[in-house]
Every structure is written in structure tokens, then in C-alpha cells.
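This report concerns only the one structure given below.
What follows is calculated from the coordinates using simple rules that are stated; it is not laboratory data. Nothing here was measured: the structure is a model prediction, and the numbers come from that model. FYI the Cβ positions are ideal-geometry reconstructions off the backbone, even for glycines, and counts take in every protein chain you see.
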Amino acid sequence: MNLRKYLKVYKKFLHTSLASELEYKTNILVDLITAILSLVGSIFLLSIFFQNNGYIGGWKFEQALIIQAIYTILNGITNTWFNPNLTEIVKHIREGTLDFVLLKPIDSQFFISLKKINPSGFLEIMLGFFLLLFCIRINQINLSLSFLSLSLITISCSICILYSLWFFISTTTIWFVKTWNAIEVLRSFLYIGRFPLNSFSFSLRIFFSIFIPIAFITTIPSEVFLGLSQLWKILVEVIVASVFLITSRKFWLFALKFYSSASS
Amino acid sequence: MVQNIIDVRNLSKSFDISSKEPGFKGTIKHFFRRQTKSLKVIKDISFEIKEGEIVGFLGANGAGKTTILKMLCGLIYPSEGSILVSGYLPFRRKENFLKNITLIMGQKQQLIWDLPPIESFYLNASIYDLDKFEAKKRIKKLSEMLEIDEELFIPVRKLSLGQRMKSELLAALIHEPNILFLDEPTLGLDINAQRNLRKFLQKYNKETNATICLTSHYMKDITSLCKRVICVHEGAISYDGKLDLLLKKLSPVKEILIICRSEEDAIKLGNSGFTVKNKIKNEITIKIENKSITSSLKTILNNFDIEDLFINEPPIDEVIGKVLIKKDYDI
């Protein structure tokens, strides 16, 4: 793979999608206001849950706020990259415009996963980081090199799992043509990621760890922040993320053999 | 000797198609127990195309023209048979193969809707690994050939269909491919835009010796661009050869309207052994076979007092229309 070429193309992707989005100034403004209101609403909801009892699933409000911060960062990443690109796959397949992608001398997964960005998602990422910094302060977390690297690793793994799940569902469009509902279900499951895994019943914990690994996405990085995570959990997250990423790639290449293109 | 750039042998393609009975009961049945059957849309076809050739694929809707084109450019996997395009197996979509070809579809677009076409050109240039200087040079050259200038800087959504199609062409040709697959490129364009596009394709073919495979329902596209046509009928090739031979075969006679000096001359001409289509006063229309047209006209001019005459070619659409419904042509 020619890295220089891919960087050059990505720079162009950034430029063209930013330019496209900036054509509609009001839309960006509305998106920015929505992101701020959504974060305020989520924190308010979380505070209501903690009002009667100071703990949920063994987590204090200040600790649960870390999960909210990580969720906000991941949601920002989802809105910046995954939502504009991966929902477009369904459109590409339904309308047959995937033809143009497949005939370009560039990796098709790279092209359809990164072609667009939604700049308003950046604000959500920034808000998440500010909230995270605030949580580090109120929970009196010591910032060390090992802590920072583990946080980075677990958050990167979360991004990989989330991307792979979404990409996997979008790829099935090649057979099922319409998969909007499945993506909506995935997004609804993500909302669950705002709460500590221990706050759910045992059976739900198993479900969210094995079948739809939402637990890995927010809880494990949060545990790393609080120094509660065990090494085996981090290792499992790395393995799960790698397996998901490789499987999504293989699945895409396999699915393309069944692509029949839309009729003209 | 000109080499074959496309070589297709015993190519077939089947699709699984589901069918649904009408009504609510049919919908429920279709939801729970979907009936699918394998439909062979391309049936054991073979052909070769030489470098620099412009070949038109003719056929009715659903005959399989677009499926053939999509298999040639590697979008669809063939079920049986082999395809070699420029020495590559298309469905492997190797980088060097993709740099050699382009697909233009009249009903689909790749330009970024909210931005001027120039942005899409530079994006494509980076995908094809062209530096800025080279990209600029090619955009200038192609925009001159296509006669577009200011349109390059206007958002695509504000361009007319004709301007958009020209921009689509430029975006698809920036990497200077030597094989062009065109699927109904003039669809929806007005007569002038169609003519300009055909002029451009002729010029591009002449200057670059690019091979062009074209499907179109506008007969003018086929007659002005293609010397050779491949007729597809229900997934099989019904004719592969020169267009003028096909036209001669399909319309072996010409109609000649003759205006005689007097009605008596017209009656005499009608009784002299020619096939008469109709006769009104001193005007008579006769049918003459293509092969004997010169000698017959000579006889008429020498033996009758003729005021004027008109040779009518049958409308090309009518002639080609016969191809779309017939299975086989032995020429």
C-alpha cells in the first residue's frame, strides 16, 4: 500500500467534505447546538439516576461521568466519520454508485469508510475531552505514561469495535439491500454504553459482553481511567478489537463477490 | 497487426431472482417463503475487440448489454467462461487494470453534488496518483476538448444535465484510460449536447486510440460512432459484425418517389415491371433492391420523362428496431 498516496487522498477527502458541509452554514450551526444540548441532557439524566442512591452498580456519579465522557468522544467519532460514511454504503449499494468506488485504483474499504466527515462531530469530540479532563480532576486521577498509553489503547480498541460492528451491518446490504433498521438498533445499543456494565443484570451483562460487545466500548476504557481494570480485560479488549477489525475486512472482500450492482 | 484488447470466451452470468405473487396474500407469502430462481441473463457469449475499436452494444431493455459491460470492467463476477481485458482478469480489479479503464454511466454520477466539478477532478487526480501540475495540464486539455470552462467552478447541483455530463466525462478521463465503457452516455441530453458528446468521443478515440465499448438507445450514437455492433438478444449475441452490413441486410430495398411530367408517364412506369408502393396522379413510389439501384435508375431516366426523383432511406431507428426483437442474423 502506498502510504503517501493514501495520505494525499485523505487530505483531499477532508478538504472536499469540509467544503461540502460549509456550503450549508445553518445546518452546521444547528448540529453544533444539538451536540451541546445532547451532552447537557445526558449529564442531567445521569444525575437523576444517581439522585436517590449515591451508587449504581458500585459506581459513584463522578466515576460514571467518565463513561459519559468516553461515550461522548465515541459518539463524536461516530458522528464525524461513521455516520456520514457507513450509512452511505447502503445508498451506494441500493443506487449502484458503488460501481464508481470499486473501479478506482484505491482500497474500496478505505474510500467508503473515510470519504466524508461531518465537522460538527468534532465539537462533540472536544466536549467529550473537556468532560474527561474535568473527570480526571474531580476523581483525582494521576496522569502517568502507562495510564495514558493504556487509555489510548483501550479507546482505540473501542473505536475499532464500533467501526467493525457498523461496517459489518452495512456490508450485509449487498445481500439484504435495506439494513437501516439494524443500524438504528446498533445506535440504540450504544446509548446503553453510557451506563456502567455492572448496573445491568447478569444476563444482560453477558449479552452486552459477548453478543454485542458494548461493554468493551465504554466500560473498560473507563475502568482504566479509574485504575479498576485488570490486565486480562484490556487484553481481551485488544483481542476482540483485532478479531472484529480483521473479520469486517474479510467479510467486505467476501461480500463484494456477491455484488450485482444496481440495474440501469 | 492490431491486437485484441478484449477477449471474451463462453461467458455466462446467472442471477438469483425472486418473484412475488400479486395482492396481500402474495406479499405475506413472499415475506415468509421467498421463491427464488436462477436466471441466466448472459448465455455463453464469445467475442473479441481490437485496440482502438469503437463497438456498439445493441439490444432491447434487459437484453444484457449493461451486464456484459459490467463484467468487462470487473464489477460483476462471471458465472462461467473467461474474460481478458488488456491482459487482466477484470474481476480481480488489479490497480494497473483499473488505471487503464473507465466506466461512464449516463444515469449515475460520481461528481460531488455540492461542490464545483474542479474539486472532484482534483480528488480523482489524487486517487490516480497524479501530481498537481499533471492534473492541471490534463484538466486544461480535456476541458478544451469538451468546450467547458466557467462550468468547472460552479457547484454541480447548479449545472445543466449537458454540462454535468461533460464534467462527468472529464472526471472519468483524467487518468487517460485506454478502454472506455460507456453505458448510455447521452441519456436525457438534448440534440446539441448529444452531438457535442459524440464529437468529443470521436476526437478522443482518434487522438488516443482508446477502445470504446458503448451501449445506447439513441441510434445516432451508434451510427455516428460505431463501425461494428454486437447485438444482444435475451443474453445471447444475435449479430456481431459491421453496422453497414447489418443495415443492408435489414433494409434490402430503397423507396424511390418519382415525379413524372404527365400522369400517362406515371402509368407507363407503373406497368414496366417495378414494384409499385403507391401512385397519386403523376407521382409514383417504387421499391428497388439496393444491389440494382444504379441500373434501375439509369433505365428509368433513359426511358421516361422524369421531372424529379427522391431516394428515401428507411428510418434507422425502424431498421435497428428489428434487431432488438430477432434472435439471429446470419450475414
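Mean projection of the alpha-carbon convex hull of the stretch B:121-175 over all orientations, in nm²? Intermediate values should be presented prior to the final figure.
Values: hull surface 13.8 nm².
Answer in nm², one decimal: 3.4.
So, R0 is 60 Å and r is the distance between the beta-carbons of B:I28 and B:E207; what FRET efficiency does that work out to, to 0.05?
Numbers: r = 59 Å, r/R0 = 0.99.
Taking R0 as 60 Å, the efficiency between B:I28 and B:E207 is 0.50.
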**Request:** Find out how many positive minus negative residues lie around B:L84, taking Lys and Arg as positive, Asp and Glu as negative, among other residues whose Cβ is under 10 Å from that of B:L84.
**Result:** -1
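Please give the per residue volume of the convex hull enclosing the alpha carbon atoms of the stretch B:73-222, rounded to a whole number of Å³.
Working: hull volume 18.0 nm³, N = 150.
Once divided by residue count, the hull of the stretch B:73-222 is 120 Å³.
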**Prompt:** Plugging the Kirkwood radius over Cα pairs into Stokes-Einstein for chain A, at a temperature of 10 °C and a viscosity of 1.306 mPa s, what D comes out in µm²/s?
**Reply:** 80 µm²/s
**Request:** Obtain the nm distance between the two label points defined at A:V40 and B:I311 by a simple spin-label model: each point lies 7 Å from its Cα along the Cα-to-C-beta direction.
**Result:** 8.4 nm
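Ratio of alpha-carbon Rg to the 2.2 N^0.38 Å globular estimate for the protein assembly as shown, to two decimals, please. Walk me through the numbers before you get to the answer.
Details: Rg = 32.5 Å, N = 595, 2.2 N^0.38 = 24.9 Å.
Its radius of gyration relative to the 2.2 N^0.38 Å reference: 1.30.
Tell me the relative contact order for chain A as a rounded percent, counting alpha carbon contacts under 8 Å between residues six or more apart. The partial results should precede the final answer.
Working: 279 pairs, mean separation 69.6, N = 264.
In percent, rounded to a whole number, it is 26.
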**Message:** Would you report the distance distribution of C-alpha pairs in the stretch A:83-167 as whole percents per 5 angstrom bin, up to the bin with the largest distance?
**Reply:** 3, 11, 14, 19, 15, 12, 10, 7, 5, 3, 1
**Taking all pairs of distinct alpha-carbon atoms in the stretch B:1-148, Kirkwood radius in angstrom** = 18.9 Å
**Message:** Quick check on the protein assembly as shown: of the DSSP beta bridges with both residues there, what percent are antiparallel, nearest 5%?
**Reply:** 70 percent
**Request:** Can you tell me the 0 to 90 degree angle between the C-alpha axis of helix A:83-95 and the longest principal axis of chain A, rounded to 10?
**Result:** 30 degrees
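From other protein chains only, count the Cβ atoms within 10 Å of every residue's Cβ in B:119-129, then give the mean.
On the way: counts 5, 2, 0, 3, 6, 4, 3, 11, 10, 5, 7.
That average works out to 5.
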**Item:** Choice from B:V41, B:V319, B:V276 showing the highest fluctuation, given a GNM over chain B with Cα pairs closer than 10 Å
**Value:** B:V276
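Ranked highest first by average number of other Cβ atoms within 10 Å, how do A:15-26, A:138-149, B:81-92, B:212-223 line up? Walk me through the intermediate numbers first.
Values: A:15-26: 14.5, A:138-149: 10.6, B:81-92: 16.2, B:212-223: 21.0.
Those peptides, ordered most packed to least, come out B:212-223, B:81-92, A:15-26, A:138-149.
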**Asked** Rule-of-thumb check for chain B: C-alpha Rg over 2.2 N^0.38 Å?
**Response** 1.26
**Prompt:** How much mean residue ellipticity at 222 nm does the protein assembly as shown get from its helices, if each DSSP H run of length 4 or more adds -39500 (n - 2.57) and you divide by all residues, to the nearest 500 deg cm²/dmol?
**Reply:** -17000 deg cm²/dmol
**Average partner coverage of B:69-77, which counts Cβ from other chains inside 10 Å** = 4
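How many Cβ atoms of partner chains, on average, are near each residue of A:93-102 if near means within 10 Å of its Cβ?
Details: counts 0, 0, 2, 6, 4, 1, 9, 12, 1, 6.
Other-chain Cβ atoms within 10 Å of each residue's Cβ, averaged: 4.
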**Message:** Looking at the stretch B:1-81, I'd like the Rg to Rh ratio, where Rg is from alpha-carbon atoms and Rh is Kirkwood's inverse mean 1/r.
**Reply:** 1.16
**Asked** With no solvent and one point on each alpha carbon, what is the Debye value of log10 I(q)/I(0) for the stretch B:46-124 at q = 0.27 Å⁻¹?
**Response** -1.41
**Asked** Taking only Cα atoms, what is the 0 to 90° angle, nearest 10, from helix A:180-192's long axis to the longest principal axis of chain A?
**Response** 20 degrees
**Message:** Given points 7 Å out from each Cα along the Cα-Cβ axis, report the B:E263 to A:L32 separation in nanometres with one decimal.
**Reply:** 8.9 nm
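Going by how many other beta carbons lie within 10 Å of each one, how would you line up B:F310, A:F134, fewest first? Please report the intermediate quantities before stating the final value.
On the way: B:F310 11, A:F134 14.
Lowest to highest Cβ neighbour count: B:F310, A:F134.
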**Prompt:** By how many degrees, between 0 and 90 and to the nearest 10, does the Cα long axis of helix B:293-303 differ from the longest principal axis of chain B?
**Reply:** 30 degrees
